[in-house]
Amino acid sequence: MRLDDGRESENIEDRRGGGGIPGGGRSIGIGTIVLALVAMYFGVDPSVVLNMGAGGPDVQQQASVATGVQHSGRSGDDALAHFTSRVLADTEDTWGELFRAGGKEYRQPRLVLYTGGTPTACGAGQAAMGPFYCPGDERVYLDLDFYRALQARFHAPGDFAQAYVIAHEVGHHVQNQLGIADKVQRAKARTGERGANQLQVRMELQADCFAGIWANHANRSRAILEQGDVEEALRAASAIGDDTLQKQAQGYVVPESFTHGSAEQRMRWFSRGLESGELKSCDTFGARAL
């Protein structure tokens, strides 16, 4: 992936290294991450797993916030942080252009780097939840250890796999700005658990498709893709499909409990956005079959 000469975003909040929640610097094992994700899929409180793996930090504490990438004392983390900042900047450029072309203004999200746990407008943010977007404060939250989990546990290495993760979360921000997120939340409130899960799957697959749109336009404008990059993203999408995670955790799949989509669906919707580069191709809510 060619981003070495790209600018870095000004919308990074670095809460690593002493800031954030007390106990937030404790390491959470990769296995704990997987178990917590699966727990959420089945309606189990993930804090049960998180407290075992990380000591259950008190999320009521106020996080100290540093703007921009700060030196963490771990050179590998610093390199990942700068890479993350460049990917975020590239999404800003791409979505800014697309919104302007549609007569709208793109409001850039902020991305919070943290270790272990941090407070958010959506409640407790903990590393075992994986990267996530909070519409309440329009922030993407990321513990850099997830990149290591992506490689070691999910067998999806590569810089473009990491970029796909960021672009997916930014896709949720795009949904928020377009009013899609609010509509989905209202629709989920009017249905039962199974219907809410189905709506959430469509939400997640659309974010995958939006990640593909970013890759399409960024490559056309700045030639960011190298040989093997698309395959890296597809491996990541497959590795974090609901069916893949459930098979790893318990040996069988419960489609009714899916909240993000199967491996095949996630790969297909990312590919659709990548191939078309058009928002209309990402209408997961109007699709008869996912």
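In the stretch 151-261, if every C-alpha pair distance is counted and binned at 10 Å from zero, what percent goes to each bin?
Whole-percent P(r) values from 0 Å outward: 14, 38, 33, 14, 1.
HN-Hα J couplings of the stretch 279-287 from phi, Karplus 6.51/-1.76/1.60, θ = phi - 60°, integer Hz, Gly and Pro as x?
4, 5, 7, 9, 7, 5, 6, x, 6
At Leu178 and Phe285, where each label point lies 7 Å from the Cα along Cα→Cβ, what is the point-to-point distance in nanometres?
0.9
With label points built 7 Å along Cα→Cβ from the Cα atoms of Glu264 and Arg100, find their separation and express it in nm.
4.2
Please list, or write none, the lysines whose alpha carbon is within less than 24 Å of the alpha carbon of Lys104, excluding same-chain residues fewer than 8 places away.
Lys183, Lys280
Order of 79-86, 127-134 by packing, highest average Cβ count within 10 Å first?
Most protected by this proxy first, the peptides run 127-134, 79-86.
Net charge around Glu10, counting only other residues with Cβ within less than 10 Å of its Cβ (Lys, Arg = +1; Asp, Glu = -1)?
Within the 10 Å Cβ shell, the charges total 0.
5 Å is the cut-off here: which amide hydrogens, built 1.01 Å from N in the peptide plane, fall below it relative to Leu111, excluding neighbours closer than 5 in sequence?
The answer is Ile12, Glu13, Val140.
Which value, in nm² and rounded to one decimal, describes the direction-averaged projected area of the C-alpha convex hull of the stretch 213-290?
For the stretch 213-290, averaging the hull's shadow over all directions gives 5.8 nm².
Place the peptides 140-150, 251-261, 159-169 in order of packing, highest mean first, counting for every residue the other Cβ atoms within 10 Å and averaging per peptide.
The densest-packed peptide leads the list: 159-169, 140-150, 251-261.
Under a straight-distance cross-link criterion of Cα-Cα below 16 Å, which lysines are reachable from Lys247, leaving out those fewer than 8 residues away in the same chain?
Within the straight-line cut-off, Lys247 pairs with nothing.
Quick note: the coordinates plus some simple rules give every number you see, no bench work behind them. All values reported here derive from a predicted model rather than from experimental measurement. FYI the Cβ positions are ideal-geometry reconstructions off the backbone, even for glycines, and counts take in every protein chain you see.
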